[in-house]
Amino acid sequence: MRIARWSADEARAAMAGGSLDQQLGAAHGVPAIVVELPDGDAGADIATALATLPVIAIAPGAPNDAPWDLTVDDPDPALEGVLAAPLAAVTTAQVLRRAGRTDAADGLLVESLAYATLQAGPEFATWLDGRGRRVRSDDSPRVRIESDGDTTVITLTRAKLRNMIDVRMRTELVDALRVTALHDHPVVLTGDGPAFCAGGDLAEFGSVADPATAHQIRSSANVAPWLLPIAGRVTAHLHGACVGAGVELAALCGTVVADEGTRFRLPETRMGLMPGAGGTVSIPARIGRARTLEWLLTGEEIDAHTAASWGLVDHLR
């Protein structure tokens, strides 16, 4: 795999020749292209043409209103992430292009289908092989729901494992949201122990036999579709590690409050995957699709103040 680097003239010549689709894309070994634009040229025509292809389109310094996937001055950290898992990176960029163009429910459906596709891909298989086998045995409750009559508090209770989400927690959380949907009280979502939620339980990754079944399970049992209808009255209280699904679900809530020591990370693309808990809908709605893609590709850990400056967090405490 390699990164293409073209001038604006080279890009437009390829467009005029009708050969873009034959030169660019992960299937051709070119998962990303960097186009150098002259001053005063936003390259919107080039970006629009590239947006039809399975390639990540980058124009350093281009205006944010042009339809490029990334416009960062230094794309190299993001490009490292592209080369680490090009299929996951390009698929994620394609899905994020729909951000804001479809309603949230349709966005969740597209996310599920794309996630299931990547689960069957070689990059995720490689990650699974390197992870080693993990088995957990724990039948303790995963969620606690309390109400004082005015506010309902839903608490993740898998504190020893930093509230990593497994099948049992997902089921109990959906059940809690199902009950909560029956009234119109304010809701608080929080977690016991040292962290709000450190993401999905890695021990269960790859445990579903085939991607078609995984998509059907996600379509009916995923947390995001149950959280979405009541999200406007839900406040997420975050602390400690907030990783992967922990970020995705929190971002869907109407209000996000975080302790100043909270840390945020999205590691999915480096695993050969993409956000699968609603993150391609919830996170770009808060911070924009370009910043979401850059964050996923770099895998950078950010602090609470950075998250607040981006709009991922509404209030610090």
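A few comments on the model shown:
- Over the range 117-176, volume per residue of the alpha carbon convex hull, in Å³: 124 Å³
- Taking one quarter of the surface of the convex hull spanned by the alpha-carbon atoms of the range 3-84 gives a direction-averaged projected area of 4.8 nm².
- The ranking of SER112, SER19 from fewest to most other beta carbons within 10 Å of each one's beta carbon is SER19, SER112.
- Kirkwood Rh, angstrom, the range 75-168 [1 / mean 1/r, Cα pairs]: 17.1 Å
- Top of ALA114, ALA159, ALA290 by mean-square fluctuation, Gaussian network on the chain, Cα under 10 Å: ALA159
- About its Cα centre, the range 158-249 has a charge dipole of approximately 120 debye under the convention of +1 per Lys or Arg Cβ and -1 per Asp or Glu Cβ, with nothing else charged.
- Panel note: the C-alpha atoms of the range 140-316, placed on their principal axes, show extents of 44, 41, 30 Å (largest first).
- Helical content alone sets the calculated 222 nm signal of the chain at -11500 deg cm²/dmol, taking -39,500 (n - 2.57) per DSSP H segment of four or more residues and averaging over every residue.
- Over the range 262-317, relative contact order from alpha-carbon pairs under 8 Å, at least 6 apart, %: 45 percent
Read the figures in this text as sums done on the coordinates, not as results from a lab. This structure is a prediction, so every number in the text was calculated from the model and none was measured. Cβ atoms come from the backbone with ideal geometry, glycine included; neighbour counts cover every protein chain shown.
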